[in-house]
Amino acid sequence: MSVALLLWMNLGFALPFRELAGNRPMPDLDIGSTALRLLELRTVLEDRQEAAGLLRGMHLGPDLLLPASLGLFIALLLQRLARGASLYGRPAERLLPFLLAVPVAYAGIDYAENILCIMLFPPSVPASGAAVWMAEVISWLTQLKFVFLVVSGIVVLRLAFGPKPIGDS
C-alpha cells in the first residue's frame, strides 16, 4: 500500500506540481528547503492556484495515508526482524520498544509537517509572523522526517543482515 501511495503522490501530484510551480519541488520532498525558499514558494503559489490546489490535494489525499501506512509497515517489519536478531551484542527483542519509536516518530513528524503546510500555503492566509514561524518549523520537520525514515531503513537492514546472537548457529 505504501508503494502505491508513493507512486500516486509522485506521479499524480509531485511531477505536475513541479511543472506548474516553475520547476520548484513540493516542500514535503525538498530536504534542502529553507524557510526563505518556502516563503518564496508561498508567494509563487498565490499566483498559481492550480499548483496550490495540487499541493493541498496531495496533503488531503495520499499524504493523509502515507505516514501511517509507511510507519506501520516499518514497525511491523522491525517487529518481525527483531526475533532472533542481535543489535550491539544484545537481543533485538529487548530493544524493540526503542526501535518501534523511530517509525512512530517519523509518522508523527510527517503529519505535523503536513498540518503546517496546509496552514502556510494558499488558500490559507496566515499572518506574516506566523508564516515565517511555520516556514522555519516546516524546514526543520522535513529534515527530521527524512532522518527518522533513513534511520528506520538502516535499522531494518541491520536486523535483516546483521549478526545473529551467539549460540544461534
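The values are calculated or read from the model by the stated rules, or taken from the named source; none is laboratory data. Remember, predicted model here, so these are calculated numbers, not experimental data. Cβ: placed from backbone, ideal geometry, glycine included. Neighbour counts: every protein chain shown. For accessibility, only protein heavy atoms count, side chains too; no ligands or nucleic acids. Shrake-Rupley method; radii C 1.70, N 1.55, O 1.52, S 1.80 Å.
Answer yes or no: is there a residue in region 160-168 that is of a type outside the set (Asp, Glu) and within 19 Å of the chain's Cα centre (by Cα). Outline the logic, then answer.
As a first pass, look at region 160-168 and keep what is of a type outside the set (Asp, Glu): 160-167.
From what is left, the residues that are within 19 Å of the chain's Cα centre (by Cα) are none.
No, because not a single residue in region 160-168 is of a type outside the set (Asp, Glu) and within 19 Å of the chain's Cα centre (by Cα).
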**OP:** Using the structure shown, decide if GLY89 is more than 23 Å from ASP30 (Cα to Cα) and either more than 16 Å from the chain's Cα centre (by Cα) or open to solvent by 30 Å² or more (accessible area, probe 1.4 Å) (or both).
**Re:** yes
Original post:
Could you say whether any residue in region 63-77 is over 24 Å from GLU136 (Cα atoms), open to solvent by less than 60 Å² (accessible area, probe 1.4 Å) and of a type outside the set (A, V, I, L, M, F, W, C)?
Top reply: yes
Original post:
Are any residues in region 1-16 under 19 Å from PRO67 (Cβ atoms) and surrounded by 13 or more Cβ atoms within 10 Å (Cβ to Cβ), and if so, which ones?
Top reply: SER2, LEU5, LEU6, TRP8, MET9, ASN10, GLY12, PHE13, ALA14
**OP:** Could you check, for region 21-33, whether at least one of its residues is over 24 Å from PRO123 (Cβ atoms) and touching a helix residue (DSSP H, G or I) at 6+ places or on another chain (Cβ under 9 Å)?
**Re:** yes
